Amino acid sequence: MATILTPLHDLWSHHGGDSTADAMNAASKRWHRTADRRRRDRWIGGGVALGVHALVLSAVLLAPTPGPREPEPPPIEVALVDPLTPPAPPALEPKPVQAAPETPAAAPKSPRLAPKPVKHVTARRTPPQRLVSAPQPSEVPPRFVPITPPETETQVSAAELAQATTAESEASGGAEDGAGASGAGDGLGGDGGGRCDMVAHLQRALRGDPRVRAAVVGAHRAPGFVGRPLVVWNGDWVRHGDEEGKGLASVRQAIAVEVAFAPKPCRAQAMHGLVVLSLNDGPGGARVVLGAGAWRWSDLLFAR
C-alpha cells in the first residue's frame, strides 16, 4: 500500500497539490470568520432588543397612577308649579262714627251792666266821583303810508327819471353819439362807422344774465324799494343794504365786462345825466340807474 501511495503523493506534489490545499485552508478560514461575525451580530441585536423592551417595561411600571376621581355633583331636581294668584284685597271695614262731643253746660249769666253813653259823630258828605269812559275808536279806515327807503340809499326823483336816457330814446337819436348813423346787429359799431347803442347793449346783457336778475329783484323787494329804481353808479359804485361790496357785485361785474370789451370810440362816448336800464318790459319791472352830470362809459372801469 505504501508503495502505491508514495508514487501518488509524489505525483500530487508534482502537479501542484500544495497550492490546492492552501486554497482550501483559506476558504475554511473565511467561512469561520463569516460565521463568527454573524454570531456576533445576532448577540448585539438580541442585546439591543432586550434593552428596548426593558425601557418600555420600566416606563409602564414607573408611570404615575391617576388619583381617585372626584364624585359628580348630584342632579338638580326641577318641578313645574302653577303660577301663584295674588290674594284678594281685604274688605274695607266701615269706620266707626264718632259721637259728637258733649257740650258743657252753659255758664250762669253775669248781671248786665249799664251801657256807656255813645257820642254822636256827624259824617262829612263827599261829592260823588264822575266816571270817565275811554274814547271809542274812530271808524275812519287807516291810511296806507308807503315805506321810505333808508336815508343812506341814493334816491332818484321823478323829474330825473323823465330826463334819463333809455334804450328807446337812444334808438330814436336822443343820446349823443359821434359815430354816425344807426347800424344793424349788436349796436356797437364804433369801429365800423355805426352807432354806439351802449344803453341797449347793456340792457340786453343784464336781461340775459340770471345772476343779475336775481340780485336786482332781491334788492327791489327790500323795504322802501318796491317799484323804485335802483341806483348802482353815480360817479362811484353805490353800496346797498348790508352787502359786502359796492354796486351789487354781479351787476357791477356784468357792466364792467361789457364796457371793457366795447370798441374804443364807444367807451369814450360822452354822456350827460342818468341812464335807466330795464330788466323787463312789464309795468313795475326792476330798473337799474347809473350816471352823473357829465361822464363817459370808460369812467365805470376806473371807479372804486
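The values are calculated or read from the model by the stated rules, or taken from the named source; none is laboratory data. Because the structure is a prediction, the values reported are computed rather than measured. FYI the Cβ positions are ideal-geometry reconstructions off the backbone, even for glycines, and counts take in every protein chain you see.
Assorted remarks:
- Of all the criteria given as (1) surrounded by 21 or more Cβ atoms within 10 Å (Cβ to Cβ); (2) out of contact with any strand residue (DSSP E or B) (no Cβ under 7 Å at 6 or more places or on another chain), the one not satisfied by CYS266 is (2).
- Pair list, Cβ < 8 Å and 6+ apart or interchain, from segment 142-169 residues that are part of a strand (DSSP E or B) to residues that are at pLDDT below 60 and of a type in the set (A, V, I, L, M, F, W, C): THR165/ALA175
- Reported count of residues in segment 289-300, each being in contact with a helix residue (DSSP H, G or I) (Cβ under 6 Å, 6 or more places away or on another chain) and either crowded, with 21+ Cβ neighbours inside 10 Å or not small (Gly, Ala, Ser) (or both), is 2.
- The one condition from (1) modelled with pLDDT of 90 or more; (2) part of a loop (DSSP other than H, G, I, E, B) that PRO283 does not meet is (1).
- Residues located in segment 272-288, provided they are touching a residue at least 24 places away in the same chain (Cβ under 8 Å) and surrounded by fewer than 17 Cβ atoms within 10 Å (Cβ to Cβ): HIS272, GLY273, ASN280, GLY284
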